[in-house]
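What follows is one structure encoded as structure tokens, with my remarks underneath.
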Amino acid sequence: MADTAAMNYDIKDRSLADAGHRRISWAAREMPVIRMIRERFQQDKPLAGVRIVACVHVTTETANLALTLRDGGADAVVCASNPLSTQDDVAAALVDEGIPVFAIKGEDNETYYRHINAAIDHKPNIVIDDGADVVSALHRERRDDLAEMFGATEETTTGVVRMRAMEAQGVLEFPVIAVNDADTKHFFDNRYGTGQSTMDGILRATNMLIAGKVVVVAGYGWCGKGIAMRGRGLGGRVLVTEIDPVKALEAAMDGFEVVPMETAAGVGDIFITATGNINVIDRDDFESMKDGAIVANAGHFNSEINIAALEEMAGEGRRELRPFVEEFQVSSNHSVVVLGDGRLINLAAAEGHPASVMDMSFANQALACSYLAEHRQELERRVYNVPTEIDHEIARLKLASMAVEIDVLTDEQREYLESWEHGT
Ligand code: ADE
């Protein structure tokens, strides 16, 4: 155990650490790629002396990333990227390991931002962001702390959208690596991770049977695709709503019924949002819902379901039925049930994505940090993709860990692909 006497941190309870250590080691078994990178980092120390703030969901998987960064020589601190997603035993275990954490499950908004500012007090060179809250705070209120920044990495679609908007407006002050956009991240984490863990969150919160239910999935991006796939796998009749014609077409050809939310509202039993937008389920939708309809969110922010409208409609008529399940009486003859306050249901009511997919996401994070440290002189104030060599290396390591072998191009095939003269 590290000497933590002088360490500044804010967590729920240090005595939870033992359970945290055991659960972190359980996740590590499913994270072979991050394990290999950790071993490499222990030798090469690519992050020696680099101060890193990781603003992420504080889970067993994140702990394995934080330990990898530390073993690579980084001076890392962790804060929560969502007020409801922290696993308090993991936070305690990380503090035990000498990594300061500022995160408590269920913290209010004020504490959430206080924790972000406490992490920024660490004067980061690199920020690992999940939703762009730290990058946004650095650009808005903490501009004096920009000077020491090498750059940031961004974990999620919502954060990448925000950072690309900053780049387009010419206000981005340091390079950003869009980890979310790596193939080994979003093809797997966003699709299979969100798909499985969202259904896991809904099942743990409600213990309901999905078979035979009408499941409405709002948004057919990578997350929506995964949720629709797993909703169907559990026997749900899945409807998809979209605003993008190409994604709508894809959903239709994947065999889902595509309808406007206005139509879906009256027929759905369970609604799941994954759009990255606001008020996707709004007052008029609540008005036409069936009695007892359930709404849950799988997108980064809790703005996809208009909870303020629901609160107004229900007034005093609301009650918690069980943890993460709250009923709003919206008219004399019907109520709407909200799961997990409209926050990411997979992290609020369950444990987030399984370790096996976070393995690749966090391998991208670790290697992107090392890349930022190595190339900090050359990089511009832009949003970069993860270099293809890193993406492919992670895919190769993951395949090797699964004992899956693939073919190699022959010289003749390589020459064929590189030429344009060959016809039929
Ligand atoms: N985002 C989604 N699932 C996660 C997990 N298990 N750990 C960290 N971030 C996540």
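The values are calculated or read from the model by the stated rules, or taken from the named source; none is laboratory data. These numbers were taken from a predicted model, which means no experiment stands behind them. As a convention, Cβ positions derive from the backbone with ideal geometry for all residues, glycine included, and neighbour counts pool all protein chains shown.
So here's what we get for this one:
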item: Qualifying positions in the range 37-76 - among the β-branched types (Val, Ile, Thr) and touching a strand residue (DSSP E or B) at 6+ places or on another chain (Cβ under 8 Å); result: Val50, Ile52, Val53, Val56, Val58, Thr62
item: Residue satisfying condition, being farther than 22 Å from Ser25 by Cβ and under 18 Å from the mean Cα position of the chain (by Cα), within set Asn109, Asn82; result: Asn82
item: Extreme residue, farthest from Thr156 (Cα to Cα), among residues of the range 31-57 that are under 20 Å from the mean Cα position of the chain (by Cα) and in a loop (DSSP other than H, G, I, E, B); result: Met31
item: Filter result for Ser361 (of a type in the set (Ser, Thr, Tyr) and over 17 Å from Val179 (Cβ atoms)); result: no
item: Residue ID - surrounded by the fewest Cβ atoms within 10 Å (Cβ to Cβ), chosen from residues in the range 34-59 that are within 15 Å of the ligand (Cβ to nearest atom) and of a type in the set (Val, Ile, Thr); result: Thr59
item: Flag for Glu405 being acidic (Asp, Glu) and either at pLDDT below 95 or touching a Cys at 6+ places or on another chain (Cβ under 6 Å) (or both); result: no
item: Residues being surrounded by 20 or more Cβ atoms within 10 Å (Cβ to Cβ) and within 14 Å of the ligand (Cβ to nearest atom) - total across the range 182-195; result: 9
item: Of the criteria (1) surrounded by 17 or more Cβ atoms within 10 Å (Cβ to Cβ); (2) under 30 Å from Asp75 (Cβ atoms), which one Ser401 fails; result: (1)
item: Verdict on Ala403 being within 16 Å of the ligand (Cβ to nearest atom) and not in a helix (DSSP H, G or I); result: no
item: Residue in the range 60-67 that is more than 16 Å from the ligand (Cβ to nearest atom), within 25 Å of Asp341 (Cα to Cα), in a helix (DSSP H, G or I) and out of contact with any Ser or Thr (no Cβ under 7 Å at 6 or more places or on another chain) present; result: no
item: Tabulated pairs, the range 304-321, first over 13 Å from Val280 (Cβ atoms), second acidic (Asp, Glu) and buried (at least 20 other Cβ atoms within 10 Å of the Cβ), C-beta under 9 angstrom, 6+ apart or interchain; result: Arg318/Glu326; Arg319/Glu326; Glu320/Glu326
item: Enumeration of residues in the range 308-333 that are of a type in the set (A, V, I, L, M) and under 24 Å from Gly231 (Cα atoms); result: Leu321, Val325
item: The range 342-371: number of residues that are in contact with a Leu (Cβ under 7 Å, 6 or more places away or on another chain) and more than 16 Å from Glu61 (Cα to Cα); result: 5
item: Boolean, Glu316 is surrounded by fewer than 24 Cβ atoms within 10 Å (Cβ to Cβ) and modelled with pLDDT of 95 or more; result: yes
item: Lone unmet requirement of (1) of a type outside the set (Asp, Glu); (2) surrounded by fewer than 24 Cβ atoms within 10 Å (Cβ to Cβ); (3) in contact with a Leu (Cβ under 6 Å, 6 or more places away or on another chain) for Ile104; result: (3)
item: Ala28 farther than 29 Å from Arg376 by Cα, surrounded by 18 or more Cβ atoms within 10 Å (Cβ to Cβ) and more than 17 Å from the chain's Cα centre (by Cα); result: yes
item: Residues (more than 13 Å from the ligand (Cβ to nearest atom) and either modelled with pLDDT under 95 or surrounded by fewer than 24 Cβ atoms within 10 Å (Cβ to Cβ) (or both)) located in the range 68-88; result: Arg70, Asp71, Gly73, Asp75, Pro83, Asp88
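Table: residues versus (1) in contact (Cβ under 8 Å) with a residue 60 or more places away in the chain; (2) among the β-branched types (Val, Ile, Thr).
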site	(1), (2)
Asp10	yes, no
Ala17	yes, no
Phe41	yes, no
Val50	yes, yes
Asp71	no, no
